[in-house]
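Beneath this line is the structure, given in structure tokens, with notes to follow.
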Amino acid sequence: MLNRRQFIGTSVAGLFLPRAGQAFAADWSGTEAEAKGQTVYFNAWAGSEPINAYIGWAAGEMKSRYGITVEHVKITDTAEVVKRVRDEVAAGKRDGSVDLVWINGENFSLMKKEKLLFGPFSETLPNYRYVDVDGKPTTRQDFAESVDGLESPWGMAQLTFFADGAKVADPPRDMKALLAFAKANPGRVTYPAPPDFHGTTFLKQVMLEQAVDRNALYRDPVDAQVPPESFSFLDALHPHCWRAGKQFPKSQAEITQMVADGELLVGLTFNPNEPANLVAAGTLPATTVAWQHEKGTIGNTHFVAIPVNARARAGAEVFANFLLSPQAQARKNDIKVWGDPTVLAVEKLSAEDQAAFASAAAPGSVSLPGPALLEPRASWVPLIEKAWLSRYGNG
């Protein structure tokens, strides 16, 4: 006998079949015609004014170009959106409250597993032909989970460190070097406490660099144990961290302010352009340098996805396609607007469109880049957060 969750998963496909001709967007002009007049409720994180302003600009473009209204439903936690969609689907609600959601990682994995997503649709969007699927493999892999056309890439991210180059002449470009730097500069290095996203990402970076068997991190955990070598490294690092590793800042933003104030020497971010943004805003000095580890730091793609019971599926597809357009991607890439790296292969674009991405390196830009490492499988996240909080979370 099926339990409630199994029943939902097996019956969703029958309850919410896509309309004829829409599943693969074969007739794009028909999709645009159907989308005209629709309202797309875009559920997206709202913790950044530049991002909110960018979404507002995109909404204006959708209205003027396609006659589609985009309402930015401002959220703080995507997991709440997943729960809402799950509850609506369980209740048999065909016209759901979410048409498009900004998503990746654990939330995508869960929605895919529970068959809460419409698609496949992304690789049939007209602008998908510009996506860099070769140089940026994470456009088809989300935390080691195959995307399978169920979400459309929107932007890139990679763990990046930054400091005032006038104070840090030789940035530490791996975890071993960071440990040596912390020992030489006691109290001037730290990271956010998990479950802050950046703190958890730092832990995953430690795991990848210290792992005896890195491949195991791209499979589901088999014994619910964090590799002991990760804790060995953290045990060695923490005594030399801010407040001797007895306390940790709550967020990446707090660490950034501590770097700006001179309390810490090294900050971290998941947006490689953020240090340059902060220099441009006057938060960090023009001597700021940014870098990634020589053998790589964790990188991923963030996406947009359409719930299986979306009311305005056609409008959501047209909006997702616009977000992949060279114009929208170039504007998002501009550090004066957002500074979110593009998912496109710029060399595929026309000369005119390529020119929109060309800009001189700004102070604070990544001067020492490293390759992007694939995220460990999403199922590791709750395990490592629980283990860290148990071992270090009590101060």
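The values are calculated or read from the model by the stated rules, or taken from the named source; none is laboratory data. Since this is a predicted model, take the numbers as computed values, not measurements. Please note: Cβ atoms are built from the backbone with ideal geometry, for glycine as well, and neighbour counts cover all protein chains shown.
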Only one of (1) over 25 Å from N277 (Cα atoms); (2) within 21 Å of the chain's Cα centre (by Cα) fails for W102. Which number is that?
(1)
Which of the residues spanning the stretch 143-198 are in contact with an Asp or Glu (Cβ under 8 Å, 6 or more places away or on another chain) and hydroxyl-bearing (S, T, Y)?
T160
If I filter the stretch 157-167 for residues that are hydroxyl-bearing (S, T, Y), in contact with a Leu (Cβ under 9 Å, 6 or more places away or on another chain) and not in a helix (DSSP H, G or I), do I get at least one hit?
yes
Check on P153, modelled with pLDDT of 95 or more, buried (at least 23 other Cβ atoms within 10 Å of the Cβ) and closer than 29 Å to A305 by Cα
yes
A careful count of residues in the stretch 57-84 that are closer than 22 Å to P195 by Cβ and part of a helix (DSSP H, G or I) gives 7
Which one of these does E317 not meet: (1) surrounded by 22 or more Cβ atoms within 10 Å (Cβ to Cβ); (2) of a type in the set (D, E, K, R); (3) at pLDDT below 95; (4) assigned to a helix (DSSP H, G or I)?
(3)
Suppose the filter is within 17 Å of G149 (Cβ to Cβ) and either buried (at least 16 other Cβ atoms within 10 Å of the Cβ) or modelled with pLDDT under 95 (or both); does V82 pass it?
no
Candidates S390, S325 - the one that is exposed (fewer than 13 other Cβ atoms within 10 Å of the Cβ) and out of contact with any strand residue (DSSP E or B) (no Cβ under 7 Å at 6 or more places or on another chain)
S390
Picking from E385, E347, which residue would you name as being of a type outside the set (S, T, N, Q) and within 30 Å of A224 (Cα to Cα)?
E385
Of all residues making up the stretch 27-48, the number that are among the aliphatic types (A, V, I, L, M) and not in a strand (DSSP E or B):
3
For the stretch 337-395, what are the residues that are assigned to a helix (DSSP H, G or I) and of a type in the set (K, R)?
K348, K386, R391
In the set D196, D148, D164, which member is under 30 Å from A330 (Cα atoms), crowded, with 19+ Cβ neighbours inside 10 Å and acidic (D, E)?
D196
Identity of the residue in the stretch 25-68, closer than 22 Å to A330 by Cα, β-branched (V, I, T) and at pLDDT 95 or above, that ends up surrounded by the fewest Cβ atoms within 10 Å (Cβ to Cβ)
I55
Hits in the stretch 368-395 (condition: aromatic (F, W, Y) and within 19 Å of A236 (Cβ to Cβ))
W388, Y392
Tell me which residues, restricted to the stretch 339-361, are modelled with pLDDT under 90 and either surrounded by 17 or more Cβ atoms within 10 Å (Cβ to Cβ) or of a type in the set (D, E, K, R) (or both).
G339
